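Enquirer: Pasting in a structure now, in structure tokens, and then I'll have a few things to ask.
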Amino acid sequence: MEPGVILEWVIKSVVILISMTAGFAYTTWYERKVLAKMQVRIGPNRAGPFALLQPVADGIKLIFKEELVPAEADKLIFNLAPVITVIPALIVTAVVPWGGVLDINGFKLSLALTDTNLAILYIMTVTSISVYGITLAGWSSNNKYAMLGGLRATAQMISYELALGLSLVGPVLVAGTMSLGKIVEMQQGGWFILFQPVAAIIYFIAIIAEVNRAPFDMPEAEQELTAGYHTEYSGMKFALFFMAEYAKMVAVSMIGATVFLGGYLGPFLDIAPWLGPVWLWVKVAVLLFVFIWIRATSPRIRYDRLMAFGWKILFPLALANVLVTAVVVAFMGGK
Amino acid sequence: MVNEFLPIGVLIILAVALAIVVPTLGYLFGPRRYVPAKSRPYESGMTPFGPGTRRVSVRYYMIAVLFILFDVEVVFFLPWAVVFKELGVPALIEMGLFALVVVVGLVYAWKKGALEWE
């Protein structure tokens with residue numbers, strides 16, 4: 001193994017981390033701007049042109065805030081929980097290809113950190129780790145609201161994870177592989193949202209619940225639980241939870257765009273392969289807009305209805321989708 | 001085979017480093033002005049009473065058990081989906097039987113009221 005290869009990995013990893021953190025920062029900006037427009041407000045407009053420096057200002061402010069630890073909290077777990085929550089959000093997009101192979105003066109540069117044939121399984125494994133961080137945060141705070149919020153978040157996330165997992169089985173059936181690179185290549189004949197519309201809808205509903213966004217933001221329902229599992233967190237540790245939520249939003253949008261919306265595919269890709277990442281991020285921005293749109297439009301649904309919806313509608317529907325897809329693939333000989 | 005996962009290892013190391021650096025920044029630059037009232041649990045201004053961690057509803061436990069049951073079954077679908085095109089109809093029949101067992105389990109849990117939240 002040459003040092004050049006390791007350097008390439010390090011550079012790509014740093015690019016992924018920077019894009020996830022910058023993605024987090026500018027998703028908050030994007031959300032505040034879009035929400036303001038939808039509610040006929042002005043929104044942030046002071047820090048820099050179009051308030052583009054607002055996320056930086058927020059970050060600097062949080063660095064200089066006092067961090068409180070409740071007296072009876074489990075200190076070790078309390079400090080560890082935000083770290084455990086944020087790591088999966090940062091690493092989950094490792095398997096997503098950003099483009100094909102670039103040819104720079106004879107040097108072949110693949111625009112993917114890695115293309116493993118277990119990509120879908122990797123995604124499901126990593127996303128389920130972040131549940132631990134949230135449970136531990138709620139548990140270690142020694143606060144009634146935090147514990148209730150943590151429990152609710154856990155129950156909700158694991159319930160919707162079933163539908164999420166099954167919604168990804170459909171595209172795998174059609175593609176015959178779990179590698180995201182190959183799944184994207186197969187979508188040159190048509191995006192998988194056309195062949196798997198039900199799976200795409202289930203995936204999108206399930207990820208909203210998975211990242212605890214409105215209308216499924218029960219874990220942090222302000223009116224009843226103050227701030228849910230991160231009630232007791234302040235300063236940079238609160239920022240980590242915030243980062244985890246928004247980085248996860250970016251990550252699941254990127255995975256959804258890759259599996260259902262053709263990933264980095266787009267017009268003019270054959271003459272300019274560097275457009276791959278551009279198309280991917282355009283699709284991510286569209287999906288993020290839908291997230292924000294839903295938050296601006298729909299009210300929070302009641303917790304028992306949320307759980308009933310996950311178990312009684314989404315899960316059987318996802319199962320039926322898998323079986324119908326299998327029947328079609330078996331008798332049509334696959335697309 | 002190993003080479004596919006080494007880059008992910010590199011990314012994990014860097015992500016862990018980032019996740020540790022961020023709270024350290026807050027630790028280094030944040031003020032620490034200790035007042036006893038600050039370290040009490042936040043309950044919207046009410047004086048907190050009793051223990052913070054209490055007994056939890058058995059519903060959450062039930063959901064966790066059901067999740068383990070069904071998630072293990074979901075995991076079986078993935079390798080089946082990968083090789084499905086080569087195996088064809090026999091695999092479809094086998095998985096149909098397996099899915100039938102899953103559905104029977106779900107219907108049982110449903111009828112027993114394990115999915116109700118009251």
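The values are calculated or read from the model by the stated rules, or taken from the named source; none is laboratory data. Just so we're clear, the structure is a prediction, and the values are computed from it rather than from any experiment. When we count neighbours, we look across all protein chains shown, and the Cβ atoms used for this are built from the backbone with ideal geometry, even at glycine. Ligands, DNA and RNA are stripped out before the accessible areas are found, and what is left, the full protein with its side chains, is counted by its heavy atoms. Shrake-Rupley method; radii C 1.70, N 1.55, O 1.52, S 1.80 Å.
Enquirer: Using a 1.4 Å probe on the protein chains only, how many percent of the accessible area of segment B:2-111 belongs to carbon and sulfur?
Expert: 74
Enquirer: Could you state the principal axis extents of the C-alpha atoms in segment A:3-334, from the largest down, to the nearest angstrom?
Expert: Between the extreme Cα coordinates on each principal axis of segment A:3-334 lie 60, 50, 46 Å.
Enquirer: Determine the residues within segment A:235-282 where the difference in accessible area between the chain on its own and the full set of protein chains amounts to at least 10 Å²; count protein heavy atoms only and use a 1.4 Å probe.
Expert: Hits at the 10 Å² cut-off: A:Met236, A:Lys237, A:Leu240, A:Met243.
Enquirer: Applying 1/(1 + (r/R0)^6) with R0 = 51 Å to the Cβ-Cβ distance of A:Ile313 and A:Val5, what FRET efficiency is obtained, to the nearest 0.05?
Expert: 0.60
Enquirer: Add -39500 (n - 2.57) for each DSSP H run of 4 or more in the protein assembly as shown, then divide by its residues: what number comes out at 222 nm, to the nearest 500 deg cm²/dmol?
Expert: -22500 deg cm²/dmol, from helical runs alone.
Enquirer: Go through segment A:311-326 and flag every residue whose accessible area shrinks by 30 Å² or more with all protein chains in place compared to the isolated chain (probe 1.4 Å).
Expert: A:Trp311, A:Lys312, A:Phe315, A:Leu319, A:Leu323, A:Ala326
Enquirer: Within chain A, what's the longest run with no chymotrypsin sites (Phe, Trp or Tyr not before Pro) in a DSSP loop and at most 15 other beta-carbon atoms within 10 Å? Give the range, please.
Expert: A:65-267
Enquirer: Hey, another quick one. Find the accessible area per residue for segment B:24-118; the probe is 1.4 Å, ligands and nucleic acids are left out, and the unit is Å².
Expert: 68
Enquirer: With a 1.4 Å probe and every protein chain kept in, tell me what percent of the accessible surface of chain A is carbon plus sulfur.
Expert: C and S fraction of accessible area: 71 percent.
Enquirer: How would B:Arg40, B:Arg59 line up by accessible area, probe 1.4 Å, largest first?
Expert: So, going from the largest accessible area down, we get B:Arg40, B:Arg59.
Enquirer: How big is the convex hull of the Cα atoms of segment A:161-207, per residue, in Å³?
Expert: It comes to 65 Å³ per residue, whole-number rounded.
Enquirer: Quick one: among A:Asp270, A:Asp74, A:Asp115, which has the greatest mean-square fluctuation in a GNM of chain A with alpha-carbon springs under 10 angstrom?
Expert: A:Asp270
Enquirer: In Å², what does the accessible area per residue of segment A:3-334 work out to with a 1.4 Å probe?
Expert: On a per-residue basis, 39 Å².
Enquirer: Nothing charged except the Cβ atoms of Lys and Arg (+1) and of Asp and Glu (-1): what's the magnitude of the dipole of the protein assembly as shown about its Cα centre? Round to the nearest 20 debye.
Expert: Using Cβ point charges on Lys, Arg, Asp and Glu, the protein assembly as shown gives about 1240 debye.
Enquirer: Here's another thing I want to ask about it. List the residues whose amide H sits under 5 Å from the amide H of A:Ser110, counting only those 5 or more places along or on another chain, with H placed 1.01 Å from N in the peptide plane.
Expert: Answer set, sorted by chain and number: A:Leu102.
Enquirer: Straight-line reach only, C-alpha to C-alpha below 18 angstrom: list the lysines that A:Lys248 could link to, leaving out same-chain residues fewer than 8 apart.
Expert: Those lysines meeting the cut-off are A:Lys237, A:Lys283.
Enquirer: Apply the Karplus curve 6.51 cos²θ - 1.76 cosθ + 1.60, θ = phi - 60°, to the phi angles in segment A:71-80 and return the couplings in whole Hz, x for Gly and Pro.
Expert: 4, 9, 6, 7, 4, 4, 5, 4, 6, 7
Enquirer: Show me you know the interface measure: the accessible area buried between A and B, both chains summed, probe 1.4 Å, in Å² to the nearest 100. List each step's numbers first, then the result.
Expert: Working: alone 16440 and 10890 Å², together 20890 Å².
The contact between B and A buries close to 6400 Å².
Enquirer: So what's the gap between the Cα centers of segment A:210-277 and segment B:56-100, to the nearest angstrom?
Expert: Taking the Cα centre of each part, segment A:210-277 and segment B:56-100 sit 27 Å apart.
Enquirer: From the phi angles alone, apply the Karplus equation (6.51, -1.76, 1.60; θ = phi - 60°) to segment B:100-109 and give each ³J(HN,Hα) in whole Hz, x where the residue is Gly or Pro.
Expert: 4, 4, 4, 5, 4, x, 5, 4, 4, 4
Enquirer: Another question, if that's okay. Which residue, chosen from A:Ala153, A:Ser253, A:Thr125, occupies the Cα position most advanced towards the positive end of the dipole of the protein assembly as shown, where the dipole is computed from +1 (Lys, Arg) and -1 (Asp, Glu) charges on Cβ about the Cα centre?
Expert: In the protein assembly as shown, that residue is A:Ala153.
Enquirer: Counting only other residues whose beta carbon sits under 11 Å from that of A:Asn45, what net charge do I get with K and R as +1, D and E as -1?
Expert: Every neighbour counted, the sum reads +4.
Enquirer: Here is a further query. Filter the chymotrypsin sites (Phe, Trp or Tyr not before Pro) in segment B:18-118 to those in DSSP coil with at most 10 other Cβ atoms within 10 Å of their Cβ, and list the result. Present the calculation step by step, with values, prior to reporting the outcome.
Expert: Details: sites: B:Tyr27, B:Phe29, B:Tyr34, B:Tyr42, B:Phe49, B:Tyr60, B:Tyr61, B:Phe67, B:Phe70, B:Phe76, B:Phe77, B:Trp80, B:Phe84, B:Phe98, B:Tyr108, B:Trp110, B:Trp117; in loops: B:Tyr34, B:Tyr42, B:Phe49, B:Trp117.
Those that pass, being in a loop and sparsely packed, are B:Tyr34, B:Phe49.
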